[in-house]
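The values are calculated or read from the model by the stated rules, or taken from the named source; none is laboratory data. Keep in mind the model is a prediction, meaning the values are calculated, not measured. Don't worry about glycine lacking a Cβ; one is built from the backbone with ideal geometry, like all the others, and counts go over all protein chains shown. Surface accessibility is based on the protein's heavy atoms, side chains included, excluding ligands, DNA and RNA. Shrake-Rupley method; radii C 1.70, N 1.55, O 1.52, S 1.80 Å.
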Amino acid sequence: MMSTVCASLGVRPTVGRPQPVRVGGHRASAPKTSRRGIKPVMVLPDGIIIQGFHWESSVPDCRDPSQWPNGEVSSTWYATVADKAEDMREAGFTDIWLPPPSQSVAKEGYLPTKLYDLNSAYGTYKELRALLRTLQSQGIGAILDTVINHRCGDRQNEKGKWVLFSDEISHDNKRLDWGPWALISNHPDPDLAGTGAASEYDSYHAAPNVDHSNREVRETLISWLNYMTRPRNLGFSSLRFDFVRGYAPKYVKEYVDSTVWPRGELSVGEWWNDDDGRNPAYTTTEMLTKFVDEVEGHAGAWDFALKTALHQAALQNDWSLLGNKEGLPGLLGVRPHLAFTYIDNHDTAPPQAHYPFPDSVPKLLAAYCYILSHPGMPCVFWQHVYGKKNGAGLTNGKEPDVTLSEEDGRIDGRGVWVPPNNPGFTWDERWPGQEPWSVGSQDAAQGPMYTGIAGPEIKKMSLARSQAGIHSSSAVEVLESRKELYQAVITGRTVYGSSRAGEGRE
C-alpha cells in the first residue's frame, strides 16, 4: 500500500510572509517523478536525523564548576542528549549525529589530537558509552563525526614543529603515534607540513593535514574507526566525514567499506566549498554529484546547493525556487537517495553565522515542511527542536534574543542574511583586503528560532513523514510552482514508519 503527502508552501503577497505550513494526508493519482540523470547506484537506508549538538554545546566545559555562574555544576552534554533519547524516538528521529568525541585542541572537537582519548568537553568516555547504550535502547543510531582530514600534534619535533602525535591510551588496535611522515608535505603553512606525499586536494589551514595516500595511515585510521563502530566497543552505526574536500573520495569509500558498509548504515561527507569564506553558496549541485558518484553511492553528501535554494526562497519570498515540473534543486534533484538535506548546522547557524537561515519562525517551519515531506535524508538541527538548555536547565553559551527578527539582520557583502552581532574580530582581520561583512566570528546573535519554540511543530512533521512512509527516493509531482505558492504531492512507500533496512512494506 502506498500513501501520499501534500506539501504546500506559500506567502501572502501583501505582507511578504509565509502562510501557516500544512502537512497532511492527500491521495492522488500516480504521481510522476521529476528527477534528472539518476544513476542506478546503491541506495542508503532511510532515516530522519537530528544533529545532536550545536556550536556552543561544549561551552563551558560542563564538568568544570568554575566555568558556571555561582560555581554550579551542570550536566555534561552527553547527559543532556541522553535525557532526550525517548523524546527523540517518539518524534520519529532514527539517527543522531553526535559531536567529535576525541580529545581536541579546540573544545568543539574539530582539532583532534589523541583519537583514542574519548574524554572531551562534551563528557567522559564512560558518559559517552552510557549515552550510546541509551540511544541503542531507544532504537536510535549514532553517527560518528569523523574528523580525519587533519590532526593536531601534541609534541614538537627538533625543528619546533607540532607534528609529533602521541597514543597513550591503552588499546589493542593499531597505534596512532605518528610523525611527520603521516602528513602531507605541501601544506600552505610550512610549520604544519610533514614529509609525506604532496596532496592535490584542498588543505585545511588551521592544522596539519593527514596523508591519506599512505597505506599505514589508512590502516591505523580504519583500526580506530572499527573500534568506534563495533557494537562490542562503542557502537557508532554511521560516519559523518568532516572536510572531505581534503582527500580523495576513494579513501572515503575505503573507510566506509572497511567499517560500517556491510550493515548499509547512513554515511555522509561534508563537501562544502565556500570560496575561502567569500561565498557560502559557492558549492554547486555538480560538485556534490561528482563527490557522491566517486564514492559510488557508499556515502551521501550534505546538500549545500538545496540549502542555498531554501535560503533564497525565504529571503526573496519566492517559493518557486524550491522546484517545478522540470525537477527539484540541489543534489536532491539528481541523486535524492544520497542527498542529506538540512536547514542549518553548527557551522552555518549563529554564533558562527557562516550561512545562517533568516531568523523567522514561520519561514523556518516552511523550510522544515519542505525537507521533511520531500525525498532525501532530512536532518533537523538540535537548537531548532530543543533550544540551548542543557539537562540541568542552564544555557550552553549565550541566551538567544527572543525579540530578534529577520528585519534586525541585514544582507552582508556575500549576499547572505546575517543577524546582529556583538564585538568580535572583524572580517578584515581574518581576511585582509577582502570585503568586510561585519559579523564577529562566533559572536553573532541568535533569535527565537534557537529557543526550541518551533520544536513541537518540527516533531509533528517528522512523525507525519514516518507515518506516510516518505523515503529518500519518494516520487514527487509538483502541482504548482509560482512566487507565492509551491505545492507538491509526494508518494510514500509504507503505511507507517520508514525502514532502516531500506525496504518498505507495500
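Cα centroid distance between segment 143-187 and segment 360-417, in Å?
Using only Cα atoms to place each centre, the spacing works out to 36 Å.
Return the equivalent ellipsoid semi-axes of segment 234-275 as a descending list in whole Å, where each equals the square root of 5 times an eigenvalue of the C-alpha gyration tensor.
Rounded to whole Å, the semi-axes are 21, 11, 7.
To the nearest 10 square angstrom, what accessible area does Glu168 show with a 1.4 Å probe?
Spelled out: Glu168, probe radius 1.4 Å, area about 130 Å².
Taking amide H atoms as placed 1.01 Å from N in the peptide plane, list the residues 5 or more away in sequence, or in a different chain, whose amide H sits under 5 Å from that of Gly300.
Sorted by chain and number, the residues that satisfy this are Ser267, Val268, Gly269.
Over segment 97-230, what percent of the accessible surface lies on carbon and sulfur atoms, probe 1.4 Å?
Taking all protein chains in place, segment 97-230 shows 47 percent carbon and sulfur surface.
Could you rank the peptides 316-325, 378-387 by their average count of other C-beta atoms within 10 Å per residue, with the highest value first?
Ranking, from highest mean packing down: 378-387, 316-325.
Evaluate the relative contact order of segment 231-296 (contact order divided by residue number), counting alpha-carbon pairs under 8 angstrom at least 6 apart; express in whole percent.
Contact order relative to length: 38 percent.
Considering only Cα-Cα distances, which of the following residue pairs are longer than 18 Å: Lys325/Lys483; Lys84/Lys459; Lys325/Lys363; Lys107/Lys161; Lys307/Lys363?
Lys325/Lys363; Lys107/Lys161
Arg245: accessible area at probe 1.4 Å, nearest 10 Å²?
Surface open to solvent at Arg245 totals about 30 Å².
If you add up the charges near Gly452, with Lys and Arg at +1 and Asp and Glu at -1, over every other residue whose beta carbon is less than 13 angstrom from its beta carbon, what do you get?
Computed value for this residue: +1.
First obtain the Kirkwood hydrodynamic radius of segment 86-241 from its Cα pairs, then insert it into the Stokes-Einstein equation at 25 °C and 0.890 mPa s, and state the resulting D in µm² per second as a whole number.
The estimated diffusion coefficient comes to 150 µm²/s.
Using a 1.4 angstrom probe and counting only protein chains, how large is the accessible area of Arg133 in Å², to 10?
In the full protein context, Arg133 sits at about 80 Å².
In whole Hz and in residue order, list the ³J(HN,Hα) couplings for segment 80-85 that follow from phi through the Karplus curve 6.51 cos²θ - 1.76 cosθ + 1.60, θ = phi - 60°; x for Gly and Pro.
4, 5, 4, 5, 9, 4
Kirkwood-based Rg over Rh for segment 352-420 (C-alpha set), two decimals?
Across segment 352-420, the Cα-based Rg/Rh ratio is 1.00.
Segment 92-183: Rg/Rh from Cα coordinates, Kirkwood Rh?
Expressed as Rg/Rh, it is 1.04.
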